[in-house]
Each structure stands twice: as structure tokens, then as C-alpha cells.
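*Asks:* Provided herewith is a single structure, encoded as C-alpha cells, for subsequent inquiry.
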Amino acid sequence: MELQELKKVIQILRREYDRLNAPIEKLKAQKKGDPLRALICTLLSTRTKDETTAEVCKRLFERVKSLDDLLEIDQKELEGLLYPVGFYKNKAKYLKQMALQIKEEFNGEVPNTLEGLLKLKGVGRKVANIVLVEAFGKPAIGVDTHVHRICNRWKLVSTKTPEQTEKVLTQILPKEYWMDFNRLLVAFGQTICKPVKPKCDVCPIREFCEFVKIKVS
């Protein structure tokens, strides 16, 4: 896929976003643009479906409303609130350690830089980049399995890992497209361009897709 085609694809996905009614929007609603909530939600969503994470976050935020609440909550109670997200026991530990780091190293404020976020326990590049976009309005590209898969299907990149995909995308994609690239491709990947049996017959960008061309040929 050429850059000019990609620009057209992004415009189409922007128009289609609301109609897709993807699970990502339910999770995004729990973040409310708040840095701490965005950080917690994004961390919990790793290796877990967004619809599951959204329900867990809704329950969690009825109990945990601040950094102090997260510091004070009992570990076992926190684990119970996080179930059934993937690796919920480990994530409970990460949240407790992360809260302590934020209080002691960042004066109680979620860091607003990539370097700062990556210092937090359990936070990788995908989580950090998504938080930068959603909580601080900074241009970044969060590359999860959906973004990695779709970009390779489009032949936009030829990479083995999400980290490699992020590096290539930041080199070829104009910054004006960084902010909503993750949410657009995640919504598209959750509803149309699925890992198994993608719905190519109803895909709104099929005329630009290299994967469809290969299937047809």
C-alpha cells in the first residue's frame, strides 16, 4: 500500500469508526481522558479483550478513585476486582508498584513523557504510547496485535514484531495521522479485519488492500 492510498484509507476508517461500534470504544469510555484511568485501563487491556477490560475497569473505578486508593487497597481485594483480565494477579502487583513509583518518583502525577512512562512497572511501549495520545494529546503510535497484523496485511510494513512495526510507522506515517491511528486500526481489526476469517466481502477499504488482492488472485 502506497502512502497516498493509506491517506485515503485513514479517511475512510475515520468515517466508518462510529458505525463499527467496536469494543475499543467501550474501554475508551472508561478512561475519560484522565491520565491515571488511561494508564490503568491500557495496562489491564494487554492480552485481554477490550469488552472484558471495560467491565473490569468499570467495577474497579467504583472502588479505586485516586492514586491513594490504589496505594491503600489490599492486594487480594485488588486481585478480585481485576479478575478475569489476563494475568490479573501480576497486573495487581504492577498497579501497586506503579502507584508507589508515581507517588515517590513523579510527585503523584502520571508522567507525560515516553521515557517517564516506560519507567513504570509493567508499562511497555504500546501502553506508554497509547497513554501519551489519550491522556496528554501527544502524537504517538501505539502498536498492538491489531495494528501490527493489519499493517503487514496491507504490505505497508514487513515486520516480525510490534516494536519493529512502530519504528517503521514513525518513519513513513506523517505525524498528523499518529493520534488516531491506533484506535482506527483496532476498531477495524476487532470488527472487520479479524485475525481469523476477516470479513473481506464487507470491508470498506478492500480496493486498497493487498491481502484482498492476494485472496482474489
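Any read-out appearing in this document is the output of simple, stated calculations on the displayed coordinates, not a laboratory observation. Worth saying up front: this structure is predicted, and the values here are computed from it rather than measured. We place every Cβ from the backbone using ideal geometry, glycine too, and count neighbours over all the protein chains shown.
*Asks:* Rounded to the nearest 0.05, what FRET efficiency do THR113 and GLU176 have when you use their Cβ-Cβ distance and R0 = 22 Å?
*Replies:* Result of the calculation: an efficiency of 0.55.
*Asks:* Which net charge results for the neighbourhood of LYS65, defined as the other residues with beta-carbon distances under 15 angstrom from its beta-carbon, given Lys and Arg at +1 and Asp and Glu at -1?
*Replies:* Residues near LYS65 contribute 0 overall.
*Asks:* Each label point is 7 Å from the Cα along the Cα-to-Cβ direction; what then is the distance between the points at LYS49 and LYS26, in nm?
*Replies:* 0.8
*Asks:* Given a 10 angstrom Cα cut-off, can you work out which residue in ILE150, ILE205, ILE130 is the most mobile in a GNM of the chain?
*Replies:* Of ILE150, ILE205, ILE130, the most mobile in the Gaussian network model is ILE205.
*Asks:* Compute a Gaussian network model of the chain, connecting alpha carbons closer than 10 Å, and tell me which residue from GLN11, GLN101, GLN30 fluctuates the most.
*Replies:* In the Gaussian network model the winner is GLN11.
*Asks:* Taking semi-axes √(5λ) of the Cα gyration tensor in Å straight from the coordinates, which label in [x] 29, 18, 16; [y] 28, 24, 21; [z] 33, 18, 14 is the correct one?
*Replies:* [z]
*Asks:* For LYS89 and LYS65 in one chain, what is 0.36 nm times their gap in residues minus the Cα-Cα distance, to one decimal in nm?
*Replies:* 6.6 nm
*Asks:* Distance between the C-alpha centers of region 117-190 and region 5-37? Whole Å please.
*Replies:* Using only Cα atoms to place each centre, the spacing works out to 13 Å.
*Asks:* What do you get for the angle between helix 178-191 and the principal long axis of the chain? Use alpha-carbon atoms, 0 to 90 degrees, nearest ten.
*Replies:* Tilt of helix 178-191: around 80 degrees.
*Asks:* Taking a 30 Å limit on the Cα-Cα distance, which of the listed pairs LYS89/LYS175; LYS8/LYS194; LYS32/LYS89 fall beyond it?
*Replies:* In this structure, LYS89/LYS175 lie more than 30 Å apart at Cα.
*Asks:* Put +1 on the Cβ of each Lys and Arg and -1 on the Cβ of each Asp and Glu in the chain; which of LEU36, PHE181, GLN4 then has its Cα farthest toward the positive end of the dipole?
*Replies:* Of LEU36, PHE181, GLN4, it is GLN4.
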